[in-house]
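Participant: Got a structure for you, written out below as structure tokens; questions coming shortly.
All of the numbers you see were taken from the coordinates with simple rules; none came from a lab. Keep in mind it's a predicted model, so treat the numbers as computed, not measured. Note: ideal-geometry Cβ built from the backbone for every residue, glycine included; neighbour counts use all protein chains shown.
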Amino acid sequence: MAPVTAPADPRTVLVTGTSSGIGLATAVRAAVSGRRVVATLREPGRGDALRAAADAAGVGDRLEIVRLDVTEPESVATAVAGVISAYGRLDAVVNNAGVGRLGTVEQIGVDAFRSVLETNFLGAVEVTRAALPHLRATGGRLIAVSSLGGLIGQPFNEAYCAAKFALEGFLESLAPVAASTGVTVTVVEPGPVASEFVTRLTPSVPGLLENAGPYEAAFKAYLGATAGLFEQAQSADDAAATVIEVLDAERPPFRVQTSDAARGLAAIKLADLDGAAVQAFTTPWLS
Ligand SMILES: NC(=O)c1ccc[n+]([C@@H]2O[C@H](COP(=O)([O-])OP(=O)(O)OC[C@H]3O[C@@H](n4cnc5c(N)ncnc54)[C@H](OP(=O)(O)O)[C@@H]3O)[C@@H](O)[C@H]2O)c1
């Protein structure tokens, strides 16, 4: 790994999933904030947009692109060891890599379900385990890009919501333990964000309709009810601004939403003692 030119600010941030969307924007914004950024992605061939954005922002020399697939423990260990060997410190990690998956478990099967958990949940667990000793050394920050889907179970998004709920449970448990050693933990919860995320979901719709079985009417209603959801989506750059606020905050919160819309929905869930409010919110999507 060739070190990038040492900037005045030695704080080093590792971000996962930076080929597009929130991860790309976070990596560039973190570099613009003066930090040194190790922007990781699983396919080095997908780094052109990131490189172009960093160069356009004038921070190409503060951002290094490194391979890291969160589902491959060896690549996680190699990337983290590379940061320490090149820069001697790790001040923050942003667990951003994630994938969505439409369909109930009966439509997509357990293997596909498991793969969503592997990326969104166990991948972040792996990165966290590798990073924590180094974050302890700097009194650093552990951040995860969760989702409103980590708070509100959304119909036909079982695997994704299960993975994000698990991510939040993992980090809520870890937060006080990590804090006892000087490491802060934060989950960032966006609502809909305009990125490749949704375009990667939609190609599966025709196949899912074919095998929807008893859920065909509900699935069609869901598609209709949520069709406009991303029309008012927040930009990835806007969502990334919240991640940078967490990096900059003197006392980062455990949980933060990236928009007023996301705050409104999170507030429904966090006051929903018997679960009725969330069911009343999501059930109409299916009819
Ligand atoms: N978009 C939304 O509406 C929304 C809302 C709430 C939360 N989020 C969350 O925000 C995060 C970023 O998503 P996004 O909206 O920016 O979508 P995106 O543009 O699709 O970005 C997802 C990133 O994750 C990477 N990734 C996927 N699997 C990976 C793996 N095994 N190892 C390493 N990287 C991997 C992708 O890399 P490749 O290019 O190699 O596939 C890509 O860089 C995700 O955690 C997502 O769940 C998104």
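Here is a yes/no grid of residues against (1) surrounded by 13 or more Cβ atoms within 10 Å (Cβ to Cβ); (2) in contact (Cβ under 8 Å) with a residue 60 or more places away in the chain; (3) of a type outside the set (A, V, I, L, M, F, W, C):
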| position | (1), (2), (3) |
| --- | --- |
| Pro206 | no, no, yes |
| Ala212 | yes, yes, no |
| Phe254 | yes, yes, no |
| Ala266 | yes, yes, no |
| Leu273 | no, no, no |
| Val278 | yes, yes, no |
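To keep it simple, each residue is scored yes or no on (1) within 16 Å of the ligand (Cβ to nearest atom); (2) in contact with a Pro (Cβ under 8 Å, 6 or more places away or on another chain).
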{"residue": "Asp48", "(1), (2)": "yes, no"}
{"residue": "Ala57", "(1), (2)": "no, no"}
{"residue": "Pro73", "(1), (2)": "yes, no"}
{"residue": "Ala81", "(1), (2)": "no, no"}
{"residue": "Ala86", "(1), (2)": "no, yes"}
{"residue": "Ala97", "(1), (2)": "yes, no"}
{"residue": "Thr104", "(1), (2)": "no, no"}
{"residue": "Val110", "(1), (2)": "no, no"}
{"residue": "Leu117", "(1), (2)": "yes, no"}
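Participant: Are there any pairs, at least 6 apart or on different chains, whose C-beta atoms fall under 9 Å, with the first in the range 78-100 and touching a residue at least 24 places away in the same chain (Cβ under 8 Å) and under 26 Å from Thr202 (Cβ atoms) and the second within 16 Å of the ligand (Cβ to nearest atom) and acidic (Asp, Glu), and if so, which?
Facilitator: Pairs found: Ala97/Asp69.
Participant: What residue, of Arg136, Arg129, Arg62, Arg101, is of a type in the set (Lys, Arg) and either under 30 Å from Leu223 (Cα atoms) or touching a Cys at 6+ places or on another chain (Cβ under 8 Å) (or both)?
Facilitator: After applying the criteria, what remains is Arg101.
Participant: What number goes with the only condition from (1) closer than 18 Å to Val70 by Cα; (2) of a type in the set (D, E, K, R); (3) assigned to a helix (DSSP H, G or I) that Arg101 does not pass?
Facilitator: Arg101 satisfies all of (1) closer than 18 Å to Val70 by Cα; (2) of a type in the set (D, E, K, R); (3) assigned to a helix (DSSP H, G or I) except (3).
Participant: Now, a different point. Only residues that are assigned to a loop (DSSP other than H, G, I, E, B) and buried (at least 22 other Cβ atoms within 10 Å of the Cβ): list them for the range 60-90, please.
Facilitator: If the condition is that a residue be assigned to a loop (DSSP other than H, G, I, E, B) and buried (at least 22 other Cβ atoms within 10 Å of the Cβ), then Leu68, Val70, Leu90 are the ones that fit.
Participant: Looking only at helices (runs of 4 or more DSSP H) that lie completely in the range 148-263, which have at least 1 residues being among the hydroxyl-bearing types (Ser, Thr, Tyr)?
Facilitator: Result: 158-179, 196-201, 216-226, 236-248.
Participant: Follow-up. Could you give every pair whose Cβ atoms fall below 7 Å, whose first residue belongs to the range 128-147 and is closer than 24 Å to Gln257 by Cα and part of a helix (DSSP H, G or I), and whose second residue is within 16 Å of the ligand (Cβ to nearest atom) and not aliphatic (A, V, I, L, M), counting only separations of at least 6 or pairs across chains?
Facilitator: Going by the 7 Å Cβ cut-off, the qualifying pairs are Thr128/Asn95.
Participant: Name the pairs whose Cβ atoms lie under 7 Å apart, with the first residue in the range 184-198 and without any contact (Cβ under 8 Å) to a residue 24 or more places away in the chain, the second of a type outside the set (A, V, I, L, M) and buried (at least 21 other Cβ atoms within 10 Å of the Cβ), and 6 or more positions between them or separate chains?
Facilitator: From the range 184-198, no pairs qualify.
Participant: Taking the condition of being more than 13 Å from the ligand (Cβ to nearest atom) and either in contact with a helix residue (DSSP H, G or I) (Cβ under 8 Å, 6 or more places away or on another chain) or more than 22 Å from Ile244 (Cβ to Cβ) (or both), how many residues in the range 136-150 meet it?
Facilitator: Summing the residues that are more than 13 Å from the ligand (Cβ to nearest atom) and either in contact with a helix residue (DSSP H, G or I) (Cβ under 8 Å, 6 or more places away or on another chain) or more than 22 Å from Ile244 (Cβ to Cβ) (or both) in the range 136-150 gives 5.
Participant: Right, next: Please state which of the following conditions Thr242 fails to meet, knowing it meets all the rest: (1) of a type in the set (Val, Ile, Thr); (2) within 16 Å of the ligand (Cβ to nearest atom); (3) in contact (Cβ under 8 Å) with a residue 24 or more places away in the chain; (4) within 24 Å of Ala112 (Cα to Cα).
Facilitator: (4)
Participant: Taking the range 6-35, which residues are within 13 Å of the ligand (Cβ to nearest atom) and in a loop (DSSP other than H, G, I, E, B)?
Facilitator: Thr16, Gly17, Thr18, Ser19, Ser20
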